[in-house]
Every structure is written in structure tokens, then in C-alpha cells.
1. With every protein chain kept in place and ligands, DNA and RNA left out, what is the accessible area per residue of the chain? Probe 1.4 Å, answer in Å².
2. What is the packing order of peptides 144-154, 195-205, 176-186, 13-23, taking the mean over residues of other C-beta atoms within 10 Å and listing the highest first?
3. State the number of lysine pairs found in the chain whose Cα atoms come within less than 19 Å, restricting to pairs 8 or more positions apart or on distinct chains.
4. At each listed q (0.16, 0.18, 0.19 Å⁻¹), what is the log10 of I(q)/I(0) that the Debye formula gives for segment 48-141 modelled as equal alpha-carbon point scatterers?
5. Could you give me the radius of gyration and the Dmax of segment 58-112, taking only the C-alpha atoms into account and expressing both in angstrom?
6. Taking the alpha carbon gyration tensor of segment 171-259, what are the square roots of 5 times its eigenvalues, largest first, to the nearest whole Å?
7. Only loop residues by DSSP count here, and only those with at most 13 other Cβ atoms within 10 Å; note down the GluC sites (Glu not before Pro) in segment 208-271 that meet that.
8. Picking from Arg33, Arg261, Arg214, which is most flexible by a Gaussian network model of the chain using Cα springs under 10 Å?
Amino acid sequence: MRVVVGELIAGRYELEELVGTGGMSSVYRAHDRLLERDVALKVLHEQFIADGEQVERFRREARAVAQLSHPNIVTVIDRGEQDGRQYIVFEYVDGENLKSLVGRDGPLPEREAIELTLNIARALGFAHEQGLVHRDVKPQNVLLNETGETKVTDFGIARSLEVQGGLTQTGTVMGTSDYIAPEQARGSRVDAQSDVYSLGAVLYELLTGEVPFRGDNFVAVAMQHINEPPPSVRERRPELSPCIDGIVRKAMAKEPRDRFRSMDDLCAELTGCLGGLDGGVSPGAETLV
């Protein structure tokens, strides 16, 4: 079965526009005829119908996000199957993602970057409390609605913190190379500190307009995450505070034990930086730089 615009899914969701596509699935804006509202409908690609592992990963995403009731996490509304095609229905966020925002506006003001990162960190911290690590934190997976609220999405490769290892099968590393934690790139165990690293890389991009490391392919970039020290945001923008520079470097420390112990700890430091921008003293600023 090939999904097309105009099609009615489950006798309820009318597909109106293709809004994004990836390696595993496509996302459509759809109209829910029952509740008279727009929704986002994510459909697993046709070639994966017979792939039990991909189908289970897709179902796991729905189960994972269904556990996460948080204002900064996209809400799951429904899940189902039609003619063998798996689909998930999410709340529709009418806006753009952070990647698009930075691509259009360039580096963000320090205060705005910190406030956005705080909201993302709170969402991820909540997921960690529920026993889930996202494993693919990147600007493309953070949506901004019309009022500027952040919504973390795409828990497609999320894993329980109780599951050992970062591989889905031998030799396959999950994640996006521009933001991947060193241990994740090596195929080692992934935990909450891996999301801390990736969020540090996102914050670097919000502040500088560029990803921390560049390369011609996945491996070239991943090897820099493994081997190269985290870059300084102040080398790109000297006007940034020493506090935020230290936070990015600590979040992107090579060893998980050297990063923030939790998203709560990261939020505390970010909040301190905001205080410093208001003319106060940033707690711990001296120890971070």
C-alpha cells in the first residue's frame, strides 16, 4: 500500500500534506475528521512492512512517547495499522524546527539559546526520569510552535535506560553524526549522559550557527566526536559569556563521567548563566572555564 495525499487513514485521518520524510518514515499533516483538528501522522515506509525489527522499533516509539506527558514533548494521540502499514498520530505543531530557525537567522542571541536549551533539557530530563534515553537529540527533532514553545519529537530510536548497548544489531550505530556522543559512536552503552552530550552539541550550533565538527561522511565526523576536544563557542563569538562556553565544553566532555550528571544539573548551570546575563554572578562559572 502506498500512502498518498488525500487518502483517508483508519476512516478518520485525511492526509493533506507531506511535511517531512526520513530513512524510516514519512510525516504528513492530516485532518482528524472525528475531532476536527489537524494532527501529524507518521507512516513507516513501505519497504519496512516485512522487517520485524523496523516494525517493532516503530511500535516502540509510540509506546515510549505515550508514557511522556510533558509540555515540551510532542504528544502521541493514536497508533495503528492499515493494509500492513504502521502509523503513529501525534499532535500537530504548526511551526518550524530549530535547524530551520538557525539556518534562516544564523547564531541566536545568548539568552534565547539558553532559554531554548533549558526547555529541551527539561523535556529530556523528564524522559530520563521515565527510564528513556532519546539517542537522537538534534535541532531537527526540536519543533517550535507559533508562540515559540519547544516540543521535542522523534523518539524513534529511544531506548530504555535498562537496555545495555547502543546497537540495534552488530556493527550498526544509531544516531546522527553531527551530534553523536563518543560512546554512542563507538557502539558502547548509551545513557542519559549521551543525551547531555548531544544537547551540548545542539547548544553549540544555536550559539555559533555551525555544528561542532565537520567531515565528508558519518565516520569522519564521528571520529572527531571521539577524538577531538570540544570546540570553544567564544572562539567563534568572543562576546559570549565564559559561563556558557564552559557549559558547552562540560556537556561535550569525552567521558560521560566528566559531563553534567543529569539534565537537572545542566538546567541549574544554564539558569545560573541567565542570572549572570542579568548582571548577577553565575554560580560555578569559575569552575566551568
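1. That works out to 44 Å² for each residue.
2. Top to bottom by mean Cβ count within 10 Å: 195-205, 176-186, 144-154, 13-23.
3. Number of lysine pairs found: 7.
4. At q = 0.16, 0.18, 0.19 Å⁻¹ the computed log10 ratios are -0.81, -0.97, -1.04.
5. 15.6, 49
6. In descending order, the three semi-axes are 22, 14, 9 Å.
7. Answer in residue order: Glu239.
8. Maximum fluctuation in the GNM of the chain, among the listed residues, is at Arg33.
The values are calculated or read from the model by the stated rules, or taken from the named source; none is laboratory data. All values derive from a computational prediction rather than experimental measurement. Counting neighbours? That spans all protein chains shown, and the Cβs are built from the backbone with ideal geometry, glycine included. SASA here: full protein model, heavy atoms, side chains in, ligands and nucleic acids out. Shrake-Rupley method; radii C 1.70, N 1.55, O 1.52, S 1.80 Å.
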